[in-house]
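**Q** Mind looking over this structure? Questions follow.
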Amino acid sequence: MAYSRKSYVEHVAIRVKDIDWHIRFFSDVLGMTVREVVGSDGATEKVWTLGGMQFNLDPEFNGPEGRLAHLGIMVENLEEVLSEAQKWGVRELAMGRNWLALPDGLELELMQAHANSVAEALAVKPRA
């Protein structure tokens, strides 16, 4: 592997039919507060929580509730990752060059981390 830097999953995006229910559940039950909203009051389209969840409203989606939309991955060096990824036969998506589709269809949103944020996130010991 030519790329030796580290990364972490910053958020997981899922498609949901009832976005308001998901916002309330993840807030009231899990304590994940909303950090960003796309859409206006009463017409919320996307929501991100502190804690790594993204909900995409998709009332017409014909799959099971909570179907994975994409993984948002924070990387130490976006340019190096994109260069290395191209060697693996991935496809760039219309959303931008940092959006990739893997051969099996999994979609990734790659984001440039700032300072030591990747090392700090990876230093967390969730089972400690």
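**Q** Working carefully through the options His11, His22, find the one that is of a type outside the set (Gly, Ala, Ser) and under 24 Å from Ala121 (Cα atoms).
**A** Result: His11 is the single residue among His11, His22 that is of a type outside the set (Gly, Ala, Ser) and under 24 Å from Ala121 (Cα atoms).
**Q** So Gln54 ticks every box in (1) touching a Ser or Thr at 6+ places or on another chain (Cβ under 8 Å); (2) closer than 25 Å to Ser40 by Cα but one. Which box is left unticked?
**A** Every condition holds for Gln54 apart from (1).
**Q** While we're looking at this one, here's another question. Just a yes or no: is a residue in the stretch 76-87 without any contact (Cβ under 8 Å) to a residue 60 or more places away in the chain, over 15 Å from the mean Cα position of the chain (by Cα) and not assigned by TED's automatic domain parsing to the domain that holds Leu100?
**A** No: zero hits.
**Q** Test of understanding: among Met32, Met74, which residue is more than 20 Å from Glu109 (Cα to Cα) and in contact with a Ser or Thr (Cβ under 8 Å, 6 or more places away or on another chain)? Give the derivation first.
**A** Working: Met74 fails: more than 20 Å from Glu109 (Cα to Cα).
Being more than 20 Å from Glu109 (Cα to Cα) and in contact with a Ser or Thr (Cβ under 8 Å, 6 or more places away or on another chain) holds for just one of Met32, Met74, which is Met32.
**Q** Exactly one of (1) surrounded by fewer than 16 Cβ atoms within 10 Å (Cβ to Cβ); (2) closer than 24 Å to Ser117 by Cα; (3) of a type in the set (Ser, Thr, Tyr) is unmet by Ser40. Its number?
**A** Only one criterion in (1) surrounded by fewer than 16 Cβ atoms within 10 Å (Cβ to Cβ); (2) closer than 24 Å to Ser117 by Cα; (3) of a type in the set (Ser, Thr, Tyr) is unmet by Ser40, namely (2).
**Q** Continuing with this model, one more query. Considering only the stretch 59-90, how many residues are outside any loop (DSSP other than H, G, I, E, B) and not charged (D, E, K, R)?
**A** Number satisfying all stated conditions: 14.
**Q** Checking Met1 against (1) at pLDDT below 90; (2) more than 28 Å from Ala119 (Cα to Cα); (3) hydrophobic (A, V, I, L, M, F, W, C): exactly one of these is not met. Which one?
**A** (2)
**Q** Those residues that are of a type in the set (Ser, Thr, Tyr) and either at pLDDT below 85 or not assigned by TED's automatic domain parsing to the domain that holds Val9 (or both), I need them from the stretch 90-128; list them, please.
**A** The answer is none; no residue qualifies.
The values are calculated or read from the model by the stated rules, or taken from the named source; none is laboratory data. Nothing here was measured: the structure is a model prediction, and the numbers come from that model. Neighbour counts run over all protein chains shown; Cβ positions are idealised from the backbone, glycine included.
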